[in-house]
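Engineer: The structure under discussion is supplied below as structure tokens; questions concerning it will follow.
The values are calculated or read from the model by the stated rules, or taken from the named source; none is laboratory data. Fair warning: this is a prediction, and the values are worked out from it, not measured in the lab. Glycine also receives a Cβ, built like all others from the backbone with ideal geometry; neighbour counts cover every protein chain displayed. To get the accessible areas, we keep the full protein, side chains included, count just its heavy atoms, and leave off ligands, DNA and RNA. Shrake-Rupley method; radii C 1.70, N 1.55, O 1.52, S 1.80 Å.
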Amino acid sequence: MELHGIGIGQGVAIGPVVRMSDPLPEPPEARSGLTPEQEGERARVALAAVAADLTARGARAGGSAQDVLEAQAMMAEDPTLVDDVTVRLADGKTAERATFEAFAAFRDLLVEMGGYMAERAADLDDVSQRVVAELGGLPAPGVPDPDHPFILVARDLAPADTALLDLDKVLGLITSDGGPTSHTAILAREKSIVAIVGVTDAAGLSDGDTVILDAANSLVNSDPDAGALTAAEARIAERAARADAPIGPGALADGTAVPLLANLGNADGAARAVELGAEGVGLFRTEFLFLGSSSAPTVMQQQEQYTRMLREFAGKKVVVRALDAGADKPLAFLNDADEENPALGLRGLRALRANEDLLREQLTALANADATTDAEVWVMAPMVATVEETEYFVSLAHELGLKTAGVMVEVPSLALLADRVLAHADFASIGTNDLTQYTLAADRMLGSVAGFQDPWHPAVLKLVGEVGAAGAALGKPVGICGEAAADPLLAVVLVGLGATSLSMSASALADVRASLSRFTLEQARLLAQAALAADGAASARTAVTDAAANLTVPA
Ligand code: PEP
Ligand code: MG
């Protein structure tokens, strides 16, 4: 049987299923035999123990896992939450019940906020479970530890668990919940764990079942025959050989250079990205530095963070995106309006323009960091919809001392007028995640319309082609920095449509590098034509897969 979900990365894994135990039951409503003060003391001790444990796990894990675990530790000691627990204890509840209820209320609030905040609900649930386990003297919920390699099947994985997975034993990961931007997905991508999230039928998988997890095709084969197992083994071996191949700059088979860059949210992932061959940064998502902040960061704070990143890439290009606040990335200090459709609201450059001081401060901090480091800094604005906005941003960035300023193409209107946009901008970078969302009119955060969020759609590719053609005519670079660039075959199509560089999570670099090296520019253009001629995303993918199989691989 085939189960479908959202594949993270391109990996394949085969192994026996081990299921994660189900969450602890809800603590009963029974009244406590202790005084509220005694229960309060129990709650305080348990919350502190959980916070300390999460902090210690973070220190062991390092990297962005540490940030996530420290954020969770802070949730456990959040004063508003502790106050709420105290209020509930005064009603005669047990510490277990009061913490459970307080966390649940906080969780509902996050879910209501939607977007990035809603994705943090799972982090909060995990803290709640840990506290209840601590109070009951039970082991913290977590990953089973059998004495053989296995495929872990869980409802969702808490960051605390994902961060510390024993990668020698966990061959792959299947979750029934979670979307492509959940922490499980982000950390799986960062650690190159073969994973499929959102497999709604995963409940049907039992301990010991041998499954094939095919992330590249987003499916789980739950009763593979001998032929399927042999084919999957061959793919695993091919991928291992690619990962071991010498790392050189990205290029097509005819030598056409296609620089391969990394998408990063902070400097922590920089060393690994360089190790994996990133030739620079194609998208530095600056908002991730400030997601937890309740006030705008100061110029000095920003300058420090930008300097950290730029130092890691001396002599290389770093494309910095101005704060992209709103919709899936709300920032408390920028997005306070109650909007019915935040993805169509005051987000990205619109929000920055409405708070121009903030934009000026960010560009100033970046120009200062640029002046004291050796990276080649480019800056770009997110969610730009008009030529006028392009002119506004580019001239402001130049005025504040940044030499190379461009725009992200995420809104169809900008792609359709790419020739006029690129007459003003120094470069364009196509954000295929948002471009797909706006072209197909499908909220990228909404599971029920996830099927529309496919950058293989010829309508999206046609818009990419418009930008590529304008870039070529005007001699301006056109990068791709959405998830589409991480799909090895689609990457070739994007180059065929005129993309001059590709930026992706560092873990995707090896597969994309290998794929580009199989085709000449002429062949990439032929594949792009095959995709454009299709009626929909699935047929474009099939047409290109078939056409690629028929092309002779150059010697
Ligand atoms: C995009 O929209 O494709 C993009 C790269 O930006 P983000 O995913 O951060 O919105
Ligand atoms: Mg975007």
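Engineer: Considering each residue of the stretch 314-324, count those that are buried (at least 21 other Cβ atoms within 10 Å of the Cβ) and either of a type in the set (Lys, Arg) or touching a helix residue (DSSP H, G or I) at 6+ places or on another chain (Cβ under 7 Å) (or both), and give that number.
Structural biologist: Matching residues across the stretch 314-324 total 6.
Engineer: Something else about it: So which residues in the stretch 185-212 are in contact with a strand residue (DSSP E or B) (Cβ under 7 Å, 6 or more places away or on another chain) and closer than 23 Å to Arg513 by Cβ, if there are any at all?
Structural biologist: Here is the first cut: in the stretch 185-212, the ones in contact with a strand residue (DSSP E or B) (Cβ under 7 Å, 6 or more places away or on another chain) are 185, 188-189, 193-199, 201-202, 205-212.
Residues satisfying the conditions are Ala185, Ala188, Arg189, Ile193, Val194, Ala195.
Engineer: Something else about it: For Pro16, indicate whether it is in a strand (DSSP E or B), open to solvent by less than 70 Å² (accessible area, probe 1.4 Å), closer than 30 Å to Val199 by Cβ and touching an Asp or Glu at 6+ places or on another chain (Cβ under 8 Å).
Structural biologist: Yes.
Engineer: Consider only pairs whose beta carbons are under 7 Å apart and that are at least six residues apart or on different chains; among these, list those whose first residue lies in the stretch 519-536 and is farther than 22 Å from Asp254 by Cβ and whose second residue is surrounded by fewer than 20 Cβ atoms within 10 Å (Cβ to Cβ).
Structural biologist: As it stands, the answer is Ala534/Pro458, since those pairs meet every condition given.
Engineer: Quick check: is even one residue across the stretch 35-55 of a type outside the set (A, V, I, L, M) and not in a helix (DSSP H, G or I)?
Structural biologist: yes
Engineer: Could you identify the single residue in Ala486, Ala506, Ala538, Ala555 that is modelled with pLDDT under 95 and not assigned by TED's automatic domain parsing to the domain that holds Ala442?
Structural biologist: Of the residues listed, the single one that is modelled with pLDDT under 95 and not assigned by TED's automatic domain parsing to the domain that holds Ala442 is Ala555.
Engineer: Which of (1) open to solvent by 20 Å² or more (accessible area, probe 1.4 Å); (2) of a type in the set (Gly, Ala, Ser); (3) more than 16 Å from ligand 2 (Cβ to nearest atom); (4) in contact (Cβ under 8 Å) with a residue 60 or more places away in the chain does Ser505 not meet, given it meets every other one?
Structural biologist: Single failed check for Ser505: (3).
Engineer: Scan the stretch 391-412 for residues that are of a type outside the set (A, V, I, L, M, F, W, C), over 23 Å from Ala441 (Cβ atoms) and either open to solvent by less than 10 Å² (accessible area, probe 1.4 Å) or within 13 Å of ligand 1 (Cβ to nearest atom) (or both) and report the count. Walk me through how you get there before you give the answer.
Structural biologist: Residues of the stretch 391-412 of a type outside the set (A, V, I, L, M, F, W, C): 391-392, 395, 398-399, 401, 403-404, 406, 410, 412.
Checking which are over 23 Å from Ala441 (Cβ atoms) leaves us with 391-392, 395, 398-399, 401, 403-404, 406.
Restricting the remaining residues to those that are either open to solvent by less than 10 Å² (accessible area, probe 1.4 Å) or within 13 Å of ligand 1 (Cβ to nearest atom) (or both) gives 406.
Residues flagged as of a type outside the set (A, V, I, L, M, F, W, C), over 23 Å from Ala441 (Cβ atoms) and either open to solvent by less than 10 Å² (accessible area, probe 1.4 Å) or within 13 Å of ligand 1 (Cβ to nearest atom) (or both) within the stretch 391-412 amount to 1.
Engineer: Count, please, the residues in the stretch 102-140 that happen to be under 27 Å from Thr35 (Cβ atoms) and open to solvent by 30 Å² or more (accessible area, probe 1.4 Å). Talk me through it step by step, then tell me what you get.
Structural biologist: Step one: filter the stretch 102-140 for residues under 27 Å from Thr35 (Cβ atoms), giving 102-106, 127-138.
Those still in the list that are open to solvent by 30 Å² or more (accessible area, probe 1.4 Å) too: 104-106, 129, 134, 136-138.
Number of matching residues: 8.
Engineer: Just checking, does the stretch 230-239 include any residue being under 30 Å from Val379 (Cβ atoms), open to solvent by 10 Å² or more (accessible area, probe 1.4 Å) and part of a helix (DSSP H, G or I)?
Structural biologist: Checking the stretch 230-239: not a single residue is under 30 Å from Val379 (Cβ atoms), open to solvent by 10 Å² or more (accessible area, probe 1.4 Å) and part of a helix (DSSP H, G or I).
Engineer: Scanning the stretch 401-416 for residues that are under 19 Å from Cys481 (Cα atoms) and not in a helix (DSSP H, G or I), which turns out farthest from ligand 2 (Cβ to nearest atom)?
Structural biologist: Checking each candidate, the answer is Thr404.
Engineer: How many residues, within the stretch 289-313, are touching a strand residue (DSSP E or B) at 6+ places or on another chain (Cβ under 8 Å) and either surrounded by fewer than 20 Cβ atoms within 10 Å (Cβ to Cβ) or not assigned by TED's automatic domain parsing to the domain that holds Cys481 (or both)?
Structural biologist: Residues flagged as touching a strand residue (DSSP E or B) at 6+ places or on another chain (Cβ under 8 Å) and either surrounded by fewer than 20 Cβ atoms within 10 Å (Cβ to Cβ) or not assigned by TED's automatic domain parsing to the domain that holds Cys481 (or both) within the stretch 289-313 amount to 1.
Engineer: Another one. Among the candidates Thr80, Thr99, Thr86, which residue alone is among the polar types (S, T, N, Q), open to solvent by less than 60 Å² (accessible area, probe 1.4 Å) and in a helix (DSSP H, G or I)? So that I can check it myself, show each step before the final result.
Structural biologist: Values: Thr80 fails: open to solvent by less than 60 Å² (accessible area, probe 1.4 Å); Thr86 fails: open to solvent by less than 60 Å² (accessible area, probe 1.4 Å).
None of the others qualify; the one that does is Thr99.
Engineer: Look at the stretch 143-155 and say how many of its residues are free of Cβ contacts under 8 Å to residues at least 40 places away in the same chain and under 19 Å from Ala195 (Cα atoms).
Structural biologist: Final tally of qualifying residues: 1.
Engineer: Would you be able to tell me the number of residues in the stretch 325-349 that are assigned to a loop (DSSP other than H, G, I, E, B), out of contact with any strand residue (DSSP E or B) (no Cβ under 9 Å at 6 or more places or on another chain) and either open to solvent by 20 Å² or more (accessible area, probe 1.4 Å) or more than 21 Å from Gln362 (Cα to Cα) (or both)?
Structural biologist: 9
Engineer: Might you check whether a residue that is assigned to a loop (DSSP other than H, G, I, E, B) and more than 23 Å from Thr520 (Cα to Cα) occurs anywhere in the stretch 244-267?
Structural biologist: Taking every residue of the stretch 244-267 in turn, at least one turns out to be assigned to a loop (DSSP other than H, G, I, E, B) and more than 23 Å from Thr520 (Cα to Cα).
Engineer: What are the pairs, 6+ residues apart or on separate chains, where a residue within the stretch 371-400 that is at negative phi and away from ligand 2 (no atom under 16 Å from the Cβ) has its Cβ under 7 Å from a residue that is polar (S, T, N, Q) and modelled with pLDDT of 95 or more?
Structural biologist: From the stretch 371-400, the pairs are Thr372/Thr307; Thr373/Thr307; Trp378/Thr404; Thr386/Ser413; Leu400/Thr364.
Engineer: Hey, another quick one. Quick check on Asp419: is it more than 16 Å from ligand 2 (Cβ to nearest atom) and farther than 29 Å from Thr436 by Cβ?
Structural biologist: No; evaluated as a whole, the condition is false for this residue.
Engineer: Only residues that are open to solvent by 50 Å² or more (accessible area, probe 1.4 Å), over 23 Å from Val258 (Cα atoms) and in a helix (DSSP H, G or I): list them for the stretch 446-483, please.
Structural biologist: Those that are open to solvent by 50 Å² or more (accessible area, probe 1.4 Å), over 23 Å from Val258 (Cα atoms) and in a helix (DSSP H, G or I): Gly447, Ser448, Gly451, Phe452.
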